[in-house]
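Below: the structure, in structure tokens.
Since every read-out is calculated from the coordinates, none of them should be taken as a lab result. Nothing here was measured: the structure is a model prediction, and the numbers come from that model. Ideal geometry is used to build each Cβ from the backbone, glycine not excepted, and the neighbour counts take in all protein chains shown.
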Amino acid sequence: MSAPKDQHFLIDRNAVRRIADLVDLRDRLVLEIGPGEGILTGELLSRGAKVNAVEIDPDLVDELTLFFADEIETGRLTVICGDAIRCDLPPFDVVVSNLPYSASSKITFRLLAAGFEEAVLMYQEEFARRMVAPAGTPGCGRLSIMVQTYCCVERCFDLPPQAFSPKPQVRSTVVRMKLRGPLFPISDDALYADVVRALFSHRRKTVKNALRNSAGILDPALAEKMLAALPDEILASRPETLYLEDFATITNLAAE
């Protein structure tokens, strides 16, 4: 059976066990996005998890339904055919998934908005590097700021192309995230997300110019309010040089 274009099935059983070792799974409600042929699904179930799986490929859904018929019958596994970017996500406490590369960013932002206790996710190595890039450094961006605002995040281990079929052209990285509250008070989470998005849409410009060009993301009147309230030091900075506290400050000043 052919894989979706950017889905590379994990075939290394030792890697599957290492992924499952990263979180306590017994009696946890786990979301698995892109279960593929079910190698990770089986490991999650064997460790006492109840799994809600979302798979975009109808043929793979049929295959999973047949292979895990007993687990589905007993209610330990539910397989939903849908696109995890758009479909209604089933209930979950923990996420354990080998994400499709092209959908990694959109799914990650969606999971952050939905909330979770812990997540163990596999990404392209470069994507994972961007995710853990500290705020205030050249490598940081919208992804790293949003993830690190709400989560403790760590790179756990890398996997070579040989661990997958078909083999990808890049190495992959397993990342663990644990939800926590923001380190700095944020008055409006939705506005905070818009501020981060607006600023990194113009990451090479100063904050002042990025806000002035943020139409379509921020209300122009609100952007003007930010420009009037922010100190010159922040206005003259570039988004990639700001710290988490700075993004919170910009949001809170606007919300006031």
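Using the Kirkwood radius built from alpha carbon pairs, what does the Stokes-Einstein equation give as D for the range 189-255 at 4 °C and 1.567 mPa s, in µm² per second? Write down the numbers at each step before the final one.
Working: Rh = 11.3 Å.
Estimated via Stokes-Einstein, D reaches 115 µm²/s.
For Phe67 and Arg180 in the same chain, what is the full-extension length gain: residue separation times 0.36 nm, less their Cα-Cα distance, in nm?
Working: separation 113, 0.36 × 113 = 40.68 nm, distance 3.68 nm.
Extending this stretch completely gives an extra 37.0 nm.
Taking R0 as 25 Å, what FRET efficiency do you get between Ser165 and Leu29 from their Cβ-Cβ distance, rounded to the nearest 0.05?
Working: r = 29 Å, r/R0 = 1.16.
Between Ser165 and Leu29 the formula returns 0.30.
Mind jotting down the distance between the C-alpha centroids of the range 82-152 and the range 1-79, whole Å? The distance from the Cα centre of the range 1-79 to that of the range 82-152 comes to 19 Å.
Antiparallel as a % of all DSSP beta bridges within the chain, to the nearest 5? Among the beta bridges of the chain, antiparallel pairing accounts for roughly 50 percent.
Which FRET efficiency value, to the nearest 0.05, is calculated for Asp93 and Arg212 with the Förster distance at 45 angstrom and r the Cβ-Cβ distance? Walk me through the intermediate numbers first.
Numbers: r = 42 Å, r/R0 = 0.94.
Working from the Cβ atoms, E equals 0.60.
Footprinting exposure proxy ranking of Ile72, Ile107, Ile33, fewest other C-beta atoms within 10 angstrom first, gives Ile72, Ile107, Ile33. Length gained on full extension, Glu125 to Arg18: 36.8 nm, using 0.36 nm per residue less the C-alpha separation.
When the helices in the chain are scored as -39500 (n - 2.57) per DSSP H run of 4 or longer and the sum is shared across all residues, what 222 nm value do you end up with, to the nearest 500 deg cm²/dmol? Before the final figure, lay out the partial values.
On the way: 12 runs with 103 residues, N = 256.
Result for the chain, helices only: -11000 deg cm²/dmol.
In terms of the Cα gyration tensor, with a ≥ b ≥ c the square roots of its eigenvalues, is the chain rounded because a/c is under 1.5, prolate because a/b exceeds b/c, or oblate? Prolate.
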